[in-house]
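As structure tokens, the structure follows; a few thoughts come after it.
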């Protein structure tokens, strides 16, 4: 771990979730050590499948490795990374904003709980910029579970790295990527986490190469905001591309 490159101005706001686990594991894989982890309280997500996945998610000859059962704390210990407890699960609350104001890192990678929209007070008073990787190519696919609709329409999963604002996936875009569907791989807990982690890794590598994060840009094309997909439509999307969900894994 001594050969890791330090990115001390960045913190990861992490939940006890598979996506947060994939994010931190990917950063470690590409030899990046961030400033700290800010960890939401809550029960750890339980894993009951294979120990590790090694997948060329971008179909570019590279491999992303993911151990779903390895918690954020365990990964952090492996690289002597500080983990600080967040005061609660409500990022828009006054205690949360006060806590963020006291943290030294100006950039926070946001990997919190789903369905949360950051409000103006935390965006302006915390003094932080929030980097988010959305599971969909915005603005064409905005909102919750948007990637399922891209599976149905285009047989691909999309991601968008963006700076969060008050809208639903409307912030300035740093990078957009497309990923192939992979037969027999569970989406919600594995593939979605891995492709978002890969996109995050690409953005962070660019940051290391240039010395700063991109300011992002507005993508001037029409977009649609999707809401939580109906289970029947989700099942159709999964069968269309040979994907599986946790109930059939």
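Looking at residue 201, is it within 12 Å of the chain's Cα centre (by Cα), assigned to a loop (DSSP other than H, G, I, E, B) and either crowded, with 22+ Cβ neighbours inside 10 Å or at pLDDT 95 or above (or both)?
no
Condition test on residue 89, is it surrounded by 13 or more Cβ atoms within 10 Å (Cβ to Cβ), touching a residue at least 12 places away in the same chain (Cβ under 8 Å) and in a helix (DSSP H, G or I)?
Taking the combined requirement at face value, the residue does not satisfy it.
Being free of Cβ contacts under 8 Å to residues at least 40 places away in the same chain, more than 26 Å from residue 176 (Cα to Cα) and loosely packed, with under 13 Cβ neighbours inside 10 Å narrows it down to one residue among 77, 73; which is it?
77
Over 22 Å from residue 144 (Cα atoms) and touching a helix residue (DSSP H, G or I) at 6+ places or on another chain (Cβ under 7 Å): which single residue out of 88, 92 fits that description?
88
Looking at residue 175, is it in contact with a helix residue (DSSP H, G or I) (Cβ under 9 Å, 6 or more places away or on another chain) and at pLDDT below 85?
no
When you go through 189, 196 one by one, which is the residue that is out of contact with any strand residue (DSSP E or B) (no Cβ under 8 Å at 6 or more places or on another chain), buried (at least 20 other Cβ atoms within 10 Å of the Cβ) and within 22 Å of residue 27 (Cβ to Cβ)?
It is 189.
Would you check if there is a residue in segment 106-121 being in a loop (DSSP other than H, G, I, E, B), without any contact (Cβ under 8 Å) to a residue 60 or more places away in the chain and crowded, with 17+ Cβ neighbours inside 10 Å?
For segment 106-121, residues in a loop (DSSP other than H, G, I, E, B), without any contact (Cβ under 8 Å) to a residue 60 or more places away in the chain and crowded, with 17+ Cβ neighbours inside 10 Å: present.
May I ask you to verify whether residue 114 is closer than 17 Å to residue 191 by Cα and within 18 Å of the chain's Cα centre (by Cα)?
For residue 114, the condition - closer than 17 Å to residue 191 by Cα and within 18 Å of the chain's Cα centre (by Cα) - is met.
Go through segment 138-161 and give me each residue that's surrounded by fewer than 24 Cβ atoms within 10 Å (Cβ to Cβ) and outside any helix (DSSP H, G or I).
Once the filter is applied, which keeps residues that are surrounded by fewer than 24 Cβ atoms within 10 Å (Cβ to Cβ) and outside any helix (DSSP H, G or I), segment 138-161 yields 139, 140, 142, 143, 144, 145, 155, 156, 158.
Give me the pairs: first residue in segment 180-191 and under 16 Å from residue 63 (Cα atoms), second residue part of a helix (DSSP H, G or I), beta-carbon distance under 7 Å, and six or more apart or on different chains, which are they?
Pairs found: 181/151; 182/191; 185/191.
The values are calculated or read from the model by the stated rules, or taken from the named source; none is laboratory data. Remember, predicted model here, so these are calculated numbers, not experimental data. Here Cβ is always computed from backbone atoms with ideal geometry, including for glycine, and neighbour counts include all displayed protein chains.
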